[in-house]
Amino acid sequence: MEFGEDKTDVKSLSLEELQAEMVNIGEKPFRAKQLYEWFHKKLARDYDEMRNIPKSLKEKLESGYTYTSLKIVEVQTSQIDGTKKYLFSLADGNLVESVWMQYHHGNSVCISSQVGCRMGCKFCASTIGGLERGLTPSEMLDQIYAIVRDTGERVSNVVVMGTGEPLDNYDSLLRFIRLLTDENGLNISQRNITVSTCGIVENMKRLAGENLQITLALSLHGATQEKRRTLMPIADKYGLDEVIAACRYYFEKTGRRITFEYSLVGGVNDTDEDAENLCSLVKGINCHINLIPVNPIKERDFVESAKENVMRFKEKLEQRHVNATVRREMGRDIDGACGQLRRRYAKAGR
């Protein structure tokens, strides 16, 4: 392929691939290490910030490669807990959201993996407009980089749980994880990365064989096949037994405890019977249940469970020795749920 033809996304390249590119365009291999540090450690927004890179190389890069640098469209800051919701513009004009959260154990960023989503979960704003496209590894990375630049704070935990189904963008997700955890970049521990999936079974099994130490979180939301189907269309393709078997397989291969995400929807999946079914379903699995009072969205008629129902549900699980916590509500005063800010912008025609 000729240099400059079908431009390569330079920020999505590994250090070794970047070294090969430097040789291909007639540069010394050591330039790759310099560039990689600007991309992934110093978090440069553009080539102009790269002070030790010669102008001739910058010109080659500008003409022959794309360089991802997301633009902040809006930042909402919670007056309750300081959570920040970011709306970013991509090079093609699409919009994605990310969230920055402060916890006692460090700062956490929740990123999107796709523009939109095709999974169709009934209580989620992200999926209402369908799927536009998957994000590139660099677009996933730069959500974090832009937030680090904006806040001036280190990020210690990353959750791929924003808009999109990460395992529906598998190759980009995998490359993103390897770049994010590379010692030559931000060097975030794999153990501090959580990837959420609604249950794409074959890719859950693929992920188990990638020799990673990340946490896999399954969006469960229903403890029987019938109940899950009412909330998650993907349950028509992958039965609950099949999905749970994939979770067991993931633990066997990686030794990493599974997280089950369970959104509590008032009058739908928050009864004592639901709690009993959930206990039976996860019996014998090394897991943690993350109970999430559902975020109401205008386009759906679901409501969050009453606080007393949430606590009773949690107590039922604990009585059966199932490890469970109620997710701390973050940013409820700012378009906190996945897809809400992006959707509001789209409806306003901005």
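Just one of the listed residues (Glu242, Glu276, Glu252) is part of a helix (DSSP H, G or I), charged (D, E, K, R), more than 18 Å from the chain's Cα centre (by Cα) and within 21 Å of Phe313 (Cα to Cα), and it is Glu276. For region 185-225, the candidate set comprises residues that are of a type in the set (Gly, Ala, Ser) and surrounded by fewer than 19 Cβ atoms within 10 Å (Cβ to Cβ); within that set, the residue that is nearest to Ser12 (Cα to Cα) is Ser189. Here Ile285 meets the list (1) more than 14 Å from His221 (Cβ to Cβ); (2) surrounded by 19 or more Cβ atoms within 10 Å (Cβ to Cβ); (3) touching a Phe, Trp or Tyr at 6+ places or on another chain (Cβ under 8 Å); (4) among the aliphatic types (A, V, I, L, M) almost entirely, failing just condition (2). Of the residues making up region 112-146, those that are in a helix (DSSP H, G or I) and modelled with pLDDT of 95 or more are Pro137, Ser138, Glu139, Met140, Leu141, Asp142, Gln143, Ile144, Tyr145, Ala146. Residue-level check: of (1) outside any loop (DSSP other than H, G, I, E, B); (2) touching a helix residue (DSSP H, G or I) at 6+ places or on another chain (Cβ under 6 Å), Gly222 misses just (1). With the structure loaded, tell me whether Ala235 is out of contact with any Gly (no Cβ under 7 Å at 6 or more places or on another chain) and buried (at least 19 other Cβ atoms within 10 Å of the Cβ) or whether it fails that test. Yes.
What number of residues within region 87-100 are surrounded by 18 or more Cβ atoms within 10 Å (Cβ to Cβ) and over 17 Å from Tyr145 (Cβ atoms)? Outline the logic, then answer.
Of region 87-100, the ones surrounded by 18 or more Cβ atoms within 10 Å (Cβ to Cβ) are 87-88, 90, 95-100.
Right, trim to over 17 Å from Tyr145 (Cβ atoms) and you get 95.
Total meeting the criteria: 1.
Being in the same structural domain as Asn107 (by TED's automatic domain parsing), basic (Lys, Arg), touching a helix residue (DSSP H, G or I) at 6+ places or on another chain (Cβ under 8 Å) and assigned to a helix (DSSP H, G or I) is a condition met by at least one residue of region 158-175. Applying the criterion of being in a helix (DSSP H, G or I) and among the aliphatic types (A, V, I, L, M) to the residues of region 13-52, the residue that is farthest from Leu179 (Cα to Cα) is Val23.
The values are calculated or read from the model by the stated rules, or taken from the named source; none is laboratory data. Since the structure is predicted, the reported quantities are computational estimates derived from the model, not experimental observations. Positions of Cβ are backbone-derived with ideal geometry, glycine not excepted, and every protein chain shown enters the neighbour counts.
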